[in-house]
Every structure is written in structure tokens, then in C-alpha cells.
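Below: one structure in C-alpha cells.
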Amino acid sequence: MAERSGGVDNRRRQMVNWAGSRGRIGWSSVPMDMEVFERTTVDPKVCGGKPCIRNLRFPVSRLLGLLAAGESRESILQAYPYLEPADIDAALRYAAFLAEEETVEVAR
């Protein structure tokens, strides 16, 4: 397994290859101990395979959109009583993880 720039410890990380839309292919390093994302689930049968909060059919993108629109944590938790404060933290960690990924454009 090749080492990413920045000296990522390969014993603690694995490379995940994913194919995205619009002819993009990216590589992300994922912690091998997946408890970091234990509240973020991906199931092809739930919400079209979008990452969701604890298989609740509540996409991470919806939660991030609410936060980006200026909704407070308290108002989100009040409007969606099945969500927990740790779900909001998990969504933000997941977004930070995605912001670190590397994307390579593939010529068409």
C-alpha cells in the first residue's frame, strides 16, 4: 500500500478507492478502527446509499445543511427528537473527513 503525502501511518490507515460522479475518482484514507464513524452509516437500501445518521433515513447532508443554514444544535434536536447531540458531532467529523479527501479528474 502506497503512503500518502504527509507521512500517513499505513498501519493505522487504509486506502479506500471510490468512483464518483462526473468521471471523478478519488482516494481517501479511512481510520481502520471505524468507531470514528459508528454513527454514520451507508446502506444502498437506505436513502439511495447516501451516508445517514444511525440508519435513521436521515442523511448526513440534511443535518449539515441545517447547520449551514444557521440552525442551532438545540433547534435541530428539538425538531428531530430522535437525533442525539453525538449525531451532530459525528456529522461534523464526517464532513471534516470528506474535506480532506483527494480527488483526481479523469479525462473523458
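The values are calculated or read from the model by the stated rules, or taken from the named source; none is laboratory data. Values in this document were obtained by computation on a predicted structure and should not be read as measured data. Please note: Cβ atoms are built from the backbone with ideal geometry, for glycine as well, and neighbour counts cover all protein chains shown.
For the range 22-54, enumerate the residues that are on the phi > 0 side of the Ramachandran plot and modelled with pLDDT under 90.
Hits for the range 22-54 are 22, 23.
Yes/no per residue for (1) over 24 Å from residue 46 (Cα atoms); (2) assigned to a helix (DSSP H, G or I); (3) under 15 Å from the mean Cα position of the chain (by Cα); (4) small (Gly, Ala, Ser):
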| residue | (1), (2), (3), (4) |
| --- | --- |
| 61 | no, yes, yes, yes |
| 64 | no, yes, yes, no |
| 74 | yes, yes, no, no |
| 77 | no, yes, no, no |
| 82 | no, no, no, no |
| 89 | no, yes, yes, no |
| 95 | no, yes, yes, yes |
| 98 | no, yes, yes, no |
| 107 | yes, no, no, yes |
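Could you list, in sequence order, the residues of the range 80-102 that are surrounded by 14 or more Cβ atoms within 10 Å (Cβ to Cβ), of a type outside the set (A, V, I, L, M, F, W, C) and more than 14 Å from residue 37 (Cα to Cα)?
Listed by number, the residues that qualify are 80, 84, 101.
Quick grid of which residues meet (1) loosely packed, with under 13 Cβ neighbours inside 10 Å; (2) over 11 Å from residue 39 (Cα atoms); (3) touching a residue at least 24 places away in the same chain (Cβ under 8 Å); (4) not polar (S, T, N, Q):
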| position | (1), (2), (3), (4) |
| --- | --- |
| 52 | no, no, no, yes |
| 57 | yes, yes, no, yes |
| 65 | yes, yes, no, yes |
| 68 | yes, yes, no, yes |
| 74 | yes, yes, no, yes |
| 78 | yes, yes, no, no |
| 104 | yes, yes, yes, yes |
